[in-house]
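Here is the structure we will look at, set down as structure tokens.
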Amino acid sequence: MDSLTQIVLGAACGEVALGKKIGNKALLFGAIGGIIPDLDVYVGSWLYGNEIDAMLFHRGFMHSMLFSVLGAFVFGWVTFKLYNTGKRLHTTTLLNWVWLYFLSLFTHPILDAFTPYGTQLFAPFSDYRVAFNNIAVVDPIYTVPFLICLIVMLFFKRNTRSRRIWLRLGLGISTGYLLFTFGNKLYIDSIFKSSLKAEGITYNRFFTQPTIFNNVLWYGVVDMGDSYYVAYYSLLDSSNRFSDWMRLPKVRDLSPLDYKRIERMAWFSNDYYSIYKMDGQYYRYNDLRYPLADKTNPNSSVFSFMLFKDKGSLNMKPFERSDANISEALSELWKRMLGV
């Protein structure tokens, strides 16, 4: 999920592990642990000269269970050595710090696995991306109440009952909402299957996921073999059916046979993608796991990249967000969320 959410969850883990011993400082160290896996964005850029390889490194090994274990010992040992000096000598143990970093590092990829982006929990032994698709990458209903509870908790002394109550409240609300999104996902999938049957659509496979910032408006994609169909459904709709159906051609102007990196990008998108030849040397790669910015334009995916041939290989331009397009897409999604 987004960095703020991971910081909040990491801070809560820090409180669980060391809050009674070091107070608010535990939240700080937990927040640091919670954000460490996302530093793979910068590590990937440092390791690879190719933008595609750098992007594919994200949510890889540094989001794995193995990294959580190894990182817990490494970061725990370093922090213990730096912290356990002077007046703080013997106030904490090495095991305390290892436990803090394990909780903050491990919960990060676990939470990411609930999102459509997914994460490679079993790297480097497997590149399987765990993605349950039940919560958006950014969902303020999960994050904001959790954050408020932690902020209130800051004003109580470390050993008070009120501090523990606010921590449990934050964890309880966020966990309860996450469980709700699981149930909602099962309900949405049943609605999508009913909608496909009503539309007379036969398919190879499909997936559904919530749109950004909410768990009310959902987006569904059907793989028809030679094309995709996409549709939307809001919990506020008057009928229990997906609507706004649109056919997207399955365009493959570059294939894995042309470049090995296309095969890796196809894996990254779970094979829900299209590649269009643009003017000049450029190709547009549309990741169709995410909604269109313009429902009338099949080439307007909000998550797309410009590919180009680079010295006999394939590279891509750094991802550039168009604020105007994003604002327009969010406005359309908000209107659709209110129901039809």
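The values are calculated or read from the model by the stated rules, or taken from the named source; none is laboratory data. Keep in mind that what you see is a predicted model, and the values were worked out from it rather than measured. A quick note on method: Cβ atoms are made from the backbone with ideal geometry, for glycine too, and the neighbour counts reach across all protein chains shown. Areas reflect the complete protein model, heavy atoms only, side chains present, ligands, DNA and RNA absent. Shrake-Rupley method; radii C 1.70, N 1.55, O 1.52, S 1.80 Å.
Across the stretch 3-182, the convex hull enclosing all Cα atoms gives 111 Å³ per residue. Lysine pair count for the stretch 201-339 (Cα-Cα distance under 20 Å; residues 8 or more apart in sequence or on different chains): 12. Between the beta carbons of L330 and V152, assuming R0 = 41 Å, the FRET efficiency works out to 0.85 to the nearest 0.05.
Its residue count N fixes a reference of 2.2 N^0.38 Å for the stretch 149-255, and the Cα radius of gyration divided by that reference is 1.58. Comparing Cα centroids, the stretch 201-271 and the stretch 115-163 end up 26 angstrom apart. Evaluated at q = 0.14, 0.20 Å⁻¹, a Debye calculation over the C-alpha positions of the stretch 76-232 (equal weights, vacuum) places log10 I(q)/I(0) at -0.89, -1.28. With only the Cα atoms considered, the chain has a convex hull volume of 148 Å³ per residue. Is any helix in the chain, taking whole DSSP H runs, at least 15 angstrom long along its axis by alpha carbon and on average at least -1.0 on the Kyte-Doolittle scale, and which ones? The answer, listed by residue number, is 3-22, 24-35, 65-83, 94-112, 140-153, 161-199, 323-337. Excluding ligands, DNA and RNA, the accessible surface per residue across the stretch 1-142 is 43 Å² with a 1.4 Å probe. In this Cβ point-charge picture (+1 for Lys and Arg, -1 for Asp and Glu), the stretch 201-339 has a dipole of about 260 debye about its Cα centre.
Computed about its Cα centre, the charge dipole of the stretch 1-98 is approximately 740 debye, with only Lys, Arg, Asp and Glu carrying charge at their Cβ. Element breakdown for the chain at a 1.4 angstrom probe: carbon and sulfur atoms account for 63% of the accessible area. Report summary: the helix-based calculation at 222 nm, which adds -39500 (n - 2.57) for every DSSP H run with n ≥ 4 and divides by the residues of the chain, gives -16000 deg cm²/dmol. Eigenvalues of the alpha-carbon gyration tensor of the stretch 201-339, scaled by 5 and square-rooted, set the equivalent ellipsoid semi-axes at 28, 18, 11 angstrom, largest first.
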